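Read through the structure below, which is laid out as C-alpha coordinates, and then see the notes.
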Amino acid sequence: MKVLVIDDDAALVSTVERGLMSEGFTVESADNGIDGLWRAREGSYDVIVLDIMLPGISGYRVCADLRSDGDWTPVLMLTAKDGDLDEAEALDTGADDYLVKPFSFPVLVARLHALTRRASLGVPPVTNVGALRVDVRAQRAWIGESQLPLTAREFDVLVFFLHRTGRLLSKSDILAGVWQDDFEGDPNIVEVYVARLRRKIAALTNTSVIETVRGAGYRLS
(Lines give C-alpha, C1' and ligand atoms only; values in the text may rest on other atoms or scores of the structure.)
Protein backbone atom coordinates (compact mmCIF):
# COMPACT_ATOMS: atom_id res chain seq x y z
CA MET A 1 0.00 0.00 0.00
CA LYS A 2 1.41 3.42 -0.97
CA VAL A 3 0.72 6.32 1.39
CA LEU A 4 1.31 10.05 1.02
CA VAL A 5 1.73 11.87 4.35
CA ILE A 6 1.28 15.67 4.19
CA ASP A 7 2.23 17.26 7.53
CA ASP A 8 4.70 19.94 8.64
CA ASP A 9 5.48 18.22 11.96
CA ALA A 10 8.81 16.61 11.07
CA ALA A 11 8.97 14.47 14.22
CA LEU A 12 5.46 13.12 13.67
CA VAL A 13 6.11 12.41 10.00
CA SER A 14 9.32 10.56 10.83
CA THR A 15 7.54 8.43 13.43
CA VAL A 16 4.61 7.68 11.13
CA GLU A 17 6.93 6.86 8.22
CA ARG A 18 8.98 4.40 10.28
CA GLY A 19 5.89 2.77 11.72
CA LEU A 20 4.08 2.42 8.40
CA MET A 21 7.17 1.10 6.64
CA SER A 22 7.54 -1.53 9.35
CA GLU A 23 3.96 -2.57 8.51
CA GLY A 24 4.86 -2.98 4.84
CA PHE A 25 3.60 0.38 3.56
CA THR A 26 5.44 2.50 1.00
CA VAL A 27 5.51 6.08 2.30
CA GLU A 28 6.20 9.46 0.70
CA SER A 29 5.78 12.81 2.43
CA ALA A 30 5.43 16.56 1.96
CA ASP A 31 5.78 19.28 4.59
CA ASN A 32 3.46 21.92 3.12
CA GLY A 33 0.15 22.12 1.33
CA ILE A 34 1.45 23.29 -2.04
CA ASP A 35 4.03 20.52 -2.37
CA GLY A 36 1.56 18.00 -0.96
CA LEU A 37 -1.09 18.91 -3.53
CA TRP A 38 1.48 18.66 -6.33
CA ARG A 39 2.64 15.23 -5.15
CA ALA A 40 -0.95 14.02 -4.81
CA ARG A 41 -1.73 15.14 -8.35
CA GLU A 42 1.44 13.78 -9.93
CA GLY A 43 1.71 10.50 -8.02
CA SER A 44 -0.49 7.49 -7.49
CA TYR A 45 -1.39 6.68 -3.87
CA ASP A 46 -3.72 4.27 -2.13
CA VAL A 47 -4.43 6.73 0.67
CA ILE A 48 -3.41 10.25 1.75
CA VAL A 49 -2.79 11.25 5.38
CA LEU A 50 -3.36 15.00 5.48
CA ASP A 51 -2.88 17.54 8.27
CA ILE A 52 -5.32 20.46 8.34
CA MET A 53 -2.97 23.25 9.47
CA LEU A 54 -0.25 23.43 6.81
CA PRO A 55 2.11 26.09 5.42
CA GLY A 56 1.17 27.32 1.96
CA ILE A 57 -2.40 26.11 1.69
CA SER A 58 -4.49 24.29 4.27
CA GLY A 59 -5.37 20.62 4.28
CA TYR A 60 -8.97 21.65 3.67
CA ARG A 61 -7.90 23.34 0.43
CA VAL A 62 -5.70 20.41 -0.63
CA CYS A 63 -8.57 17.97 -0.19
CA ALA A 64 -11.13 20.22 -1.86
CA ASP A 65 -8.85 20.78 -4.87
CA LEU A 66 -8.25 17.05 -5.29
CA ARG A 67 -11.97 16.35 -5.20
CA SER A 68 -12.66 19.10 -7.72
CA ASP A 69 -10.07 17.40 -9.97
CA GLY A 70 -12.12 14.21 -9.74
CA ASP A 71 -9.47 12.51 -7.58
CA TRP A 72 -11.20 10.30 -4.99
CA THR A 73 -8.08 8.83 -3.38
CA PRO A 74 -9.09 8.17 0.26
CA VAL A 75 -8.05 11.02 2.58
CA LEU A 76 -7.54 10.72 6.33
CA MET A 77 -7.38 14.15 7.99
CA LEU A 78 -5.01 14.64 10.94
CA THR A 79 -5.29 17.65 13.22
CA ALA A 80 -4.54 18.94 16.69
CA LYS A 81 -8.00 20.47 16.68
CA ASP A 82 -10.86 18.61 18.30
CA GLY A 83 -14.45 19.60 17.69
CA ASP A 84 -17.57 18.76 15.74
CA LEU A 85 -17.19 21.82 13.50
CA ASP A 86 -13.64 20.91 12.50
CA GLU A 87 -14.70 17.35 11.72
CA ALA A 88 -17.71 18.55 9.75
CA GLU A 89 -15.55 20.92 7.68
CA ALA A 90 -13.03 18.16 6.99
CA LEU A 91 -15.74 15.81 5.76
CA ASP A 92 -17.48 18.57 3.81
CA THR A 93 -14.30 19.21 1.81
CA GLY A 94 -14.22 15.54 0.81
CA ALA A 95 -12.12 13.82 3.49
CA ASP A 96 -13.06 10.21 4.17
CA ASP A 97 -12.07 10.06 7.82
CA TYR A 98 -10.71 12.23 10.64
CA LEU A 99 -8.17 11.50 13.40
CA VAL A 100 -7.27 13.87 16.24
CA LYS A 101 -3.67 14.21 17.44
CA PRO A 102 -2.26 12.64 19.53
CA PHE A 103 -3.42 9.28 18.20
CA SER A 104 -2.55 5.63 18.71
CA PHE A 105 -0.45 4.17 15.89
CA PRO A 106 -2.50 0.92 15.76
CA VAL A 107 -5.62 3.08 15.32
CA LEU A 108 -3.97 4.93 12.43
CA VAL A 109 -3.07 1.65 10.73
CA ALA A 110 -6.58 0.28 11.24
CA ARG A 111 -8.11 3.46 9.76
CA LEU A 112 -5.83 3.27 6.72
CA HIS A 113 -6.72 -0.35 6.08
CA ALA A 114 -10.43 0.47 6.45
CA LEU A 115 -10.17 3.35 3.98
CA THR A 116 -8.33 1.36 1.34
CA ARG A 117 -10.74 -1.54 1.73
CA ARG A 118 -13.67 0.81 1.24
CA ALA A 119 -11.99 2.39 -1.77
CA SER A 120 -11.48 -1.03 -3.34
CA LEU A 121 -15.25 -1.22 -3.63
CA GLY A 122 -14.75 1.59 -6.13
CA VAL A 123 -17.54 4.12 -5.70
CA PRO A 124 -17.65 7.90 -5.35
CA PRO A 125 -18.52 9.14 -1.83
CA VAL A 126 -22.20 9.68 -2.69
CA THR A 127 -24.01 7.46 -5.18
CA ASN A 128 -27.63 7.61 -6.35
CA VAL A 129 -29.54 4.87 -8.13
CA GLY A 130 -33.18 5.78 -8.49
CA ALA A 131 -34.59 6.43 -5.02
CA LEU A 132 -31.56 4.77 -3.41
CA ARG A 133 -28.83 7.09 -2.12
CA VAL A 134 -25.60 5.92 -0.48
CA ASP A 135 -23.01 8.01 1.35
CA VAL A 136 -19.81 5.95 1.56
CA ARG A 137 -18.04 8.35 3.93
CA ALA A 138 -20.88 8.30 6.44
CA GLN A 139 -21.63 4.62 5.74
CA ARG A 140 -25.32 5.36 5.46
CA ALA A 141 -27.96 4.61 2.86
CA TRP A 142 -31.44 5.99 2.26
CA ILE A 143 -34.54 5.21 0.25
CA GLY A 144 -35.96 8.65 -0.35
CA GLU A 145 -35.77 10.35 3.05
CA SER A 146 -35.78 7.11 5.07
CA GLN A 147 -32.48 5.67 6.26
CA LEU A 148 -31.82 1.97 5.73
CA PRO A 149 -30.79 0.22 8.98
CA LEU A 150 -27.78 -1.65 7.61
CA THR A 151 -24.97 -3.49 9.35
CA ALA A 152 -21.39 -2.79 8.20
CA ARG A 153 -21.29 -5.95 6.08
CA GLU A 154 -24.72 -5.30 4.55
CA PHE A 155 -23.49 -1.83 3.65
CA ASP A 156 -20.38 -3.25 1.95
CA VAL A 157 -22.52 -5.64 -0.10
CA LEU A 158 -24.81 -2.80 -1.16
CA VAL A 159 -21.86 -0.63 -2.22
CA PHE A 160 -20.41 -3.51 -4.24
CA PHE A 161 -23.73 -3.81 -6.11
CA LEU A 162 -23.99 -0.04 -6.63
CA HIS A 163 -20.67 0.22 -8.42
CA ARG A 164 -21.78 -2.59 -10.73
CA THR A 165 -25.35 -1.48 -11.38
CA GLY A 166 -26.87 -3.45 -14.25
CA ARG A 167 -24.13 -6.10 -14.26
CA LEU A 168 -24.75 -9.76 -13.51
CA LEU A 169 -22.78 -10.75 -10.39
CA SER A 170 -22.20 -14.34 -9.33
CA LYS A 171 -21.95 -15.39 -5.70
CA SER A 172 -18.21 -15.88 -6.18
CA ASP A 173 -17.90 -12.32 -7.58
CA ILE A 174 -19.59 -10.90 -4.50
CA LEU A 175 -17.68 -13.10 -2.08
CA ALA A 176 -14.32 -12.14 -3.62
CA GLY A 177 -15.17 -8.46 -3.87
CA VAL A 178 -16.67 -7.94 -0.42
CA TRP A 179 -15.22 -10.61 1.86
CA GLN A 180 -11.90 -10.96 0.01
CA ASP A 181 -9.66 -13.11 2.23
CA ASP A 182 -11.73 -12.63 5.39
CA PHE A 183 -14.11 -15.56 4.91
CA GLU A 184 -13.54 -19.28 4.53
CA GLY A 185 -17.02 -20.63 5.28
CA ASP A 186 -20.10 -21.46 3.20
CA PRO A 187 -20.36 -19.24 0.09
CA ASN A 188 -24.14 -19.30 0.58
CA ILE A 189 -23.52 -16.51 3.08
CA VAL A 190 -23.96 -14.26 0.03
CA GLU A 191 -27.59 -15.41 -0.29
CA VAL A 192 -28.16 -14.55 3.35
CA TYR A 193 -26.90 -10.99 2.93
CA VAL A 194 -28.74 -10.41 -0.34
CA ALA A 195 -31.95 -11.57 1.34
CA ARG A 196 -31.37 -9.20 4.24
CA LEU A 197 -30.78 -6.28 1.88
CA ARG A 198 -33.90 -7.08 -0.09
CA ARG A 199 -35.99 -7.30 3.07
CA LYS A 200 -34.77 -3.97 4.40
CA ILE A 201 -35.16 -2.20 1.06
CA ALA A 202 -38.62 -3.73 0.54
CA ALA A 203 -39.72 -2.31 3.88
CA LEU A 204 -39.25 1.20 2.46
CA THR A 205 -40.19 0.79 -1.20
CA ASN A 206 -42.42 -1.33 -3.40
CA THR A 207 -39.63 -1.72 -5.96
CA SER A 208 -37.37 -4.78 -6.01
CA VAL A 209 -33.93 -3.40 -6.88
CA ILE A 210 -31.92 -6.64 -6.60
CA GLU A 211 -32.90 -9.17 -9.24
CA THR A 212 -32.10 -12.90 -9.05
CA VAL A 213 -30.95 -14.48 -12.31
CA ARG A 214 -31.56 -18.17 -11.73
CA GLY A 215 -28.39 -20.23 -11.86
CA ALA A 216 -26.23 -17.18 -12.58
CA GLY A 217 -26.35 -14.64 -9.77
CA TYR A 218 -27.79 -11.22 -9.00
CA ARG A 219 -28.19 -7.85 -10.65
CA LEU A 220 -28.91 -4.39 -9.21
CA SER A 221 -31.34 -2.69 -11.56
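The values are calculated or read from the model by the stated rules, or taken from the named source; none is laboratory data. These numbers come from a predicted model, not from an experiment. So basically every Cβ, Gly included, is an ideal-geometry build from the backbone, and we count neighbours across all protein chains shown.
Could you list, ordered by first residue, the pairs with Cβ atoms under 6 Å in which the first is in region 8-27 and closer than 14 Å to V47 by Cβ and the second is part of a loop (DSSP other than H, G, I, E, B) and hydrophobic (A, V, I, L, M, F, W, C), at least 6 apart or interchain?
Taking only residues 6 or more apart or on different chains, the pairs are F25/M1.
So which of A90, A40, A80 is modelled with pLDDT under 80, under 18 Å from V5 (Cβ atoms), in contact with a strand residue (DSSP E or B) (Cβ under 9 Å, 6 or more places away or on another chain) and surrounded by 23 or more Cβ atoms within 10 Å (Cβ to Cβ)?
A90
Taking region 186-204 as the region of interest, how many residues are in a helix (DSSP H, G or I) and over 16 Å from I174 (Cβ atoms)?
Number satisfying all stated conditions: 4.
Taking the condition farther than 23 Å from T205 by Cα and at pLDDT below 80, does D65 pass? Explain how you work it out, then say what you get.
Working: farther than 23 Å from T205 by Cα: yes; at pLDDT below 80: no.
Spelling it out, it is not the case that D65 is farther than 23 Å from T205 by Cα and at pLDDT below 80.
Mind listing whichever residues of region 32-74 are in a loop (DSSP other than H, G, I, E, B), touching a helix residue (DSSP H, G or I) at 6+ places or on another chain (Cβ under 8 Å) and not hydrophobic (A, V, I, L, M, F, W, C)?
If the condition is that a residue be in a loop (DSSP other than H, G, I, E, B), touching a helix residue (DSSP H, G or I) at 6+ places or on another chain (Cβ under 8 Å) and not hydrophobic (A, V, I, L, M, F, W, C), then D46, P55, G56, S58, D69, D71, T73, P74 are the ones that fit.
Taking the condition of being buried (at least 16 other Cβ atoms within 10 Å of the Cβ) and either closer than 20 Å to F25 by Cβ or touching a residue at least 40 places away in the same chain (Cβ under 8 Å) (or both), how many residues in region 46-65 meet it?
Within region 46-65, residues that are buried (at least 16 other Cβ atoms within 10 Å of the Cβ) and either closer than 20 Å to F25 by Cβ or touching a residue at least 40 places away in the same chain (Cβ under 8 Å) (or both) number 9.
Starting from residues that are exposed (fewer than 13 other Cβ atoms within 10 Å of the Cβ) and assigned to a loop (DSSP other than H, G, I, E, B), keep the ones in region 100-120 and report whichever is modelled with the highest pLDDT.
If we take residues in region 100-120 being exposed (fewer than 13 other Cβ atoms within 10 Å of the Cβ) and assigned to a loop (DSSP other than H, G, I, E, B), then S104 is modelled with the highest pLDDT.
I want to confirm something. Restricting to region 121-138 and keeping residues that are surrounded by 14 or more Cβ atoms within 10 Å (Cβ to Cβ) and farther than 19 Å from S68 by Cα, which single residue is modelled with the lowest pLDDT?
Here the residue is L121.
Taking G215 as the residue in question, decide whether it is part of a loop (DSSP other than H, G, I, E, B) and more than 21 Å from G130 (Cα to Cα).
So G215 fits the description; yes.
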